[in-house]
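The values are calculated or read from the model by the stated rules, or taken from the named source; none is laboratory data. Here the structure is a predicted model, which is why all the values come from computation and not from measurement. No Cβ is skipped: glycine too gets one built from the backbone with ideal geometry, and neighbour counts run over all protein chains shown. Keep in mind that these areas ignore ligands, DNA and RNA; they rest on the heavy atoms of the full protein, side chains included. Shrake-Rupley method; radii C 1.70, N 1.55, O 1.52, S 1.80 Å.
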Amino acid sequence: MKFPTPVTLQWMANLVEAEIVGDISITPTGINEIHKVEAGDIVFVDHPKYYNTCLQSAANVIIINSKDVTIPEGKALLYTEQPFEAYLKIVDYFKPFTPSAKPISDSAKIGEGSVVMPNCYIGNNVVIGNNTIIHPNVTIGDDCIIGNNVVIQAGTVIGSDAFYYNTKKNRPAWFKRMKSCGHVVIEDNVEIGAGCTIDRGVTGETRIGMGTIIDNQVHIGHDTTVGKNCLFAAQVGIAGAVVIEDGVTLWGQVGVSKTLTIGQNAVVLAQGGVPGDLEGNKVYWGTPTQEASVKRRELVWIKRIPELWKKVMES
C-alpha cells in the first residue's frame, strides 16, 4: 500500500508510538508485507527467525521488537515491543474500514454496456470496465478493479480479506488477523465461475491475467499473480503470494502451496499437490507433483512389486 504522500519518519514514529533507531532522514512512501516489499516501504517483523530477511529486504524502514541487530546502510528501525500492533495502526490510519449502506457504492464506477444483476454488492471505489457481466449474488470488495468483457458467475466473492494471521500462543486468542489493505485486479476477457473466492492482497494486489478462465469453486489466495490465458478447473486451491505464469492449466482439485512459481504453459493433472516451484512446458501429476511420465512409470513398477517379491522369495 502506497501512502497518498511520503511521510516523515518522526511522524510515523509518533503514530505507532515507536523509537527511531538509525537514519532519521528516511521518508517512507508505503507499507508492505515481506513478500511484496519495495524500496521506500515499511515492513514489520516480530520474530528473530525473520529479522535478517526483513533487514536485507528492499524496505527502508523496519518495525521491529529488538535493537540487537545490525542496521544496513540506508535503513532505519522503528523499535516497539508490539510490531504487529504498529502495523495495524498504520493500516487503520491510511485505509480505515468504511462501511457501505448501499448495494452499489456511490463511489463505484461501472463502464458502458456492463450489467450488474440483482443482489450483488459492489464496494467503495470499485472500477468495472465495459461490457462486463456480474451475475446475481456476486460480492466485489472495496478498491477492486474489473476489466472489460469480464464474466463473473453467481455467488463469487472478489476481494475478500487475506487468510493471513499473526500467531502468538501467549494470548488467549492465538490468531489475530493481519488487516488487508490491498485489492484485486481482474484483467480483460477473464471468466470466473460460480462460488469462487479471490482474496485481496494483504498490502498489494492479487491479479488475474487477461483471458484466464476459472471454473466453479476455485480459491485464489492473497497477493497471487496469475498470468494470461490460464485455465483452472473446479476446486483448485491456490495459496498466497504464488506466481502462475502465462498459459498454465490446473485441472480439478489441484492444490498449490504458498510463495512458489509455476512456469509458463505447465499443466498439473487432477488432484495434484504442488509444494514447490514447477518448470514450465511440462505435465505434472501426483502429490507431491512429479512429471507425469515419471509418475506413470513408477506406478507400473509398484504394480509389479508382488510379482518381483515372489521371484525373490523363490530364488
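A few remarks follow.
- Rounded to 10°, Cα long-axis angle of helix 292-303 versus longest principal axis of the chain: 50 degrees
- Percent of beta bridges antiparallel (DSSP, segment 97-210, rounded to nearest 5): 10 percent
- Listed residue (Val7, Ala59, Ile134) projecting farthest to the positive dipole end of the chain, Cβ model: Ile134
- Counting only DSSP H runs of at least 4 residues, each contributing -39500 (n - 2.57), and dividing by the residue count of the chain, the helix-based mean residue ellipticity at 222 nm comes to -4500 deg cm²/dmol.
- Taking all Cα-Cα distances within segment 221-267, those exceeding 18 Å account for 15%.
- Percent antiparallel among DSSP beta bridges (both partners in the chain, rounded to 5): 15 percent
- When Rg and the Kirkwood radius Rh are both evaluated on Cα atoms of segment 149-288, their ratio Rg/Rh stands at 0.99.
- Between 0 and 90°, nearest 10: helix 83-94 axis offset from the chain longest Cα axis: 70 degrees
- Pairs of Lys residues in segment 235-315, spaced 8 or more positions apart or belonging to different chains, with C-alpha separations under 21 angstrom: 4 in total.
- Here the accessible area of the chain is 54 percent carbon and sulfur, with a 1.4 angstrom probe and all protein chains present.
- Viscosity 0.890 mPa s, temperature 25 °C, Stokes-Einstein D of segment 267-307 from Kirkwood C-alpha radius, µm²/s: 227 µm²/s
- Taking N as its residue count, the alpha carbon Rg of segment 1-73 over 2.2 N^0.38 Å: 1.01
- Against the chain, whose longest principal axis comes from its Cα atoms, helix 305-314 is set at around 60 degrees.
- The coefficient of translational diffusion for segment 1-150, derived via Stokes-Einstein from the alpha carbon Kirkwood radius under 25 °C and 0.890 mPa s, stands at 141 µm²/s.
- Around Trp285: net Lys/Arg minus Asp/Glu count, Cβ-Cβ under 14 Å: +2
- Grouping the Cα pair distances of segment 77-224 into 10 Å bins from zero gives a pair-distance distribution of 12, 39, 29, 14, 5, 0 percent in increasing distance order.
- Gap separating the Cα centres of segment 141-176 and segment 250-315, nearest whole Å: 31 Å
- Segment 1-127 - charge dipole about Cα centre, Lys and Arg +1 at Cβ, Asp and Glu -1, debye rounded to 20: 360 debye
- The chain: radius of gyration and largest Cα-Cα distance (Dmax), Å: 23.1, 82
- Secondary structure note: in segment 162-231, about 20% of the DSSP beta bridges are antiparallel.
- Computed accessible area, Leu231, all protein chains, 1.4 angstrom probe, square angstrom: 60 Å²
- Estimated distance in nm for a label pair at Ile24 and Thr287, the labels positioned 7 Å out from Cα along Cα-to-Cβ: 5.6 nm
- Of Lys102/Lys228; Lys109/Lys168; Lys49/Lys179; Lys2/Lys228; Lys176/Lys228, those spanning more than 32 Å from alpha-carbon to alpha-carbon: Lys102/Lys228; Lys109/Lys168; Lys176/Lys228
- Projected-area mean, segment 168-209, by convex hull of Cα positions, square nanometres: 4.3 nm²
- Loop-located GluC sites (Glu not before Pro) in segment 1-95 (DSSP state not H, G, I, E or B) with no more than 11 neighbouring Cβ atoms inside 10 Å: Glu73, Glu81.
- Residue-normalised accessible area of segment 89-234, expressed per residue, 1.4 Å probe, Å²: 45 Å²
- Largest-first ellipsoid semi-axes for segment 45-112, taking √(5λ) over the Cα gyration tensor eigenvalues, angstrom: 37, 15, 9
- Mean-position separation - Cα centroids, segment 28-87 and segment 97-111, in angstrom: 34 Å
- Förster-model FRET efficiency, 51 Å R0, Ile305 and Asn229, C-beta, rounded to 0.05: 0.75
- Charged side chains reduced to their Cβ positions (Lys and Arg at +1, Asp and Glu at -1) give segment 78-175 a dipole of some 260 debye around its Cα centre.
- Charge tally in the Cβ shell below 15 Å around Asn148, where Lys, Arg are +1 and Asp, Glu are -1, Asn148 excluded: -2
- Measuring only protein heavy atoms, the 1.4 Å probe finds Trp174 accessible over about 110 Å².
- Area of Ser100 that stays accessible when all protein chains are in place (1.4 Å probe, Å², to 10): 50 Å²
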